[in-house]
1. Counting only residues that are among the small types (Gly, Ala, Ser) and open to solvent by less than 10 Å² (accessible area, probe 1.4 Å), which one in the stretch 36-67 is farthest from the chain's Cα centre (by Cα)?
2. Among the residues of the stretch 234-249, is there at least one that is part of a strand (DSSP E or B) and either under 18 Å from Thr133 (Cβ atoms) or among the aromatic types (Phe, Trp, Tyr) (or both)?
3. Taking strands (runs of 3 or more DSSP E) that fall entirely within the stretch 96-207, which contain at least 3 residues that are in contact with a Ser or Thr (Cβ under 8 Å, 6 or more places away or on another chain), under 18 Å from Val262 (Cβ atoms) and in contact (Cβ under 8 Å) with a residue 40 or more places away in the chain?
4. Do you know which of the residues in the stretch 257-276 that are polar (S, T, N, Q) and closer than 22 Å to Asp84 by Cβ is most open to solvent (accessible area, probe 1.4 Å)?
5. Could you please let me know if Glu254 is buried (at least 21 other Cβ atoms within 10 Å of the Cβ) and either charged (D, E, K, R) or more than 12 Å from the chain's Cα centre (by Cα) (or both)?
6. Mind telling me which of the residues Gly41, Gly72, Gly8, Gly101 ends up being on the phi > 0 side of the Ramachandran plot and at pLDDT 95 or above?
7. Among (1) in a strand (DSSP E or B); (2) open to solvent by 10 Å² or more (accessible area, probe 1.4 Å); (3) without any contact (Cβ under 8 Å) to a residue 40 or more places away in the chain, which single condition is Pro217 missing?
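The values are calculated or read from the model by the stated rules, or taken from the named source; none is laboratory data. Bear in mind that the values here come from a model prediction, so they are computed numbers and not experimental data. A quick note on method: Cβ atoms are made from the backbone with ideal geometry, for glycine too, and the neighbour counts reach across all protein chains shown. Surface areas here come from the heavy atoms of the whole protein model, side chains and all, with no ligands, DNA or RNA. Shrake-Rupley method; radii C 1.70, N 1.55, O 1.52, S 1.80 Å.
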Amino acid sequence: MNFTKMNGLGNDFVVIAEEQQLPDNAAELAIELCNRFFGIGADGLVYILPSEIADFRMRIINSDGSEAEQCGNAIRCVAKYVYDNGLTDKEEITIETLGAGAQKVQLTVQEGEVVSVRVDMGQPILNGVQVPTTVDAERVIEHPIEVDGREFRFTAVSMGNPHCVIYVDDAVHFDLNTWGPKLETHPLFPRKINVEFVTVNSRTHTDMRVWERGAGPTLACGTGACATVVASVLTGATDRTATVSLKGGDLLIEWNESDNHVYMTGPAAVSFRGTL
């Protein structure tokens, strides 16, 4: 089985494009291959599959064996893979995801290779129950949540997968390992949740660090960056277009007012290729 190790701003994946459907043992394979000591090492295992409604279909298995509904960094990697490897010659394609349906993707190509990818991430889901959370409200904005005697306030957004955005004084140095797993599994979140810790620097720039559901701390999270800008608009903290600085680099996010869609622009890269 051939694989390509890819990353979107350091959020890394083992990409496999030779299957026609998701293998029955995909969860076990993800746990084995994503292990950074005894496997290839990655945040997730990504399968590029045929689709009946789009040009390609993407399935993402986290490093703990759970399946992610969507991943902004993975979809950019998939877009780069299919173009660079000759599976398509189109610079505008659609990629089917588990949680957000078929998403439109625009490729920026230089000298035959994709250098940047702009993804229409669709409309954010803001209803508390639909995100899902246990908060029955049309919008969950700055809702209190208590963990080990400490109170945070979160804004809930789904970008095809669930996020809670929490503002802190210093996201760059925030203690992810202490608070991330406790918030991920909090009873307010029936399907667990991705947790973004955010510091707003200006109307057009935020710092963000993420604890990803099923993967832990990662260098970047594309859907989390989208959720960050949506939450920041809802709380009045930023404009609708802003740069989100993650540990692995920057993403440009736009929540377009006319169509209510969120657009994400950023790079993807190949780390290495191999055969299992």
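1. Ranking the qualifying residues of the stretch 36-67, first place goes to Gly41.
2. no
3. Because the criterion is at least 3 residues that are in contact with a Ser or Thr (Cβ under 8 Å, 6 or more places away or on another chain), under 18 Å from Val262 (Cβ atoms) and in contact (Cβ under 8 Å) with a residue 40 or more places away in the chain, the strands (runs of 3 or more DSSP E) in the stretch 96-207 that meet it are 113-120, 162-167.
4. Thr275
5. No.
6. Numbers: Gly72 fails: on the phi > 0 side of the Ramachandran plot; Gly8 fails: on the phi > 0 side of the Ramachandran plot; Gly101 fails: at pLDDT 95 or above.
After ruling out the rest, the residue left standing is Gly41.
7. All conditions are met except number (3).
Quick grid of which residues meet (1) over 20 Å from Met121 (Cα atoms); (2) among the basic types (Lys, Arg):
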position: Gly222; (1), (2): no, no
position: Val230; (1), (2): no, no
position: Leu234; (1), (2): no, no
position: Thr241; (1), (2): no, no
position: Lys247; (1), (2): yes, yes
position: Glu254; (1), (2): no, no
position: Glu257; (1), (2): no, no
position: Ser271; (1), (2): yes, no
position: Leu276; (1), (2): yes, no
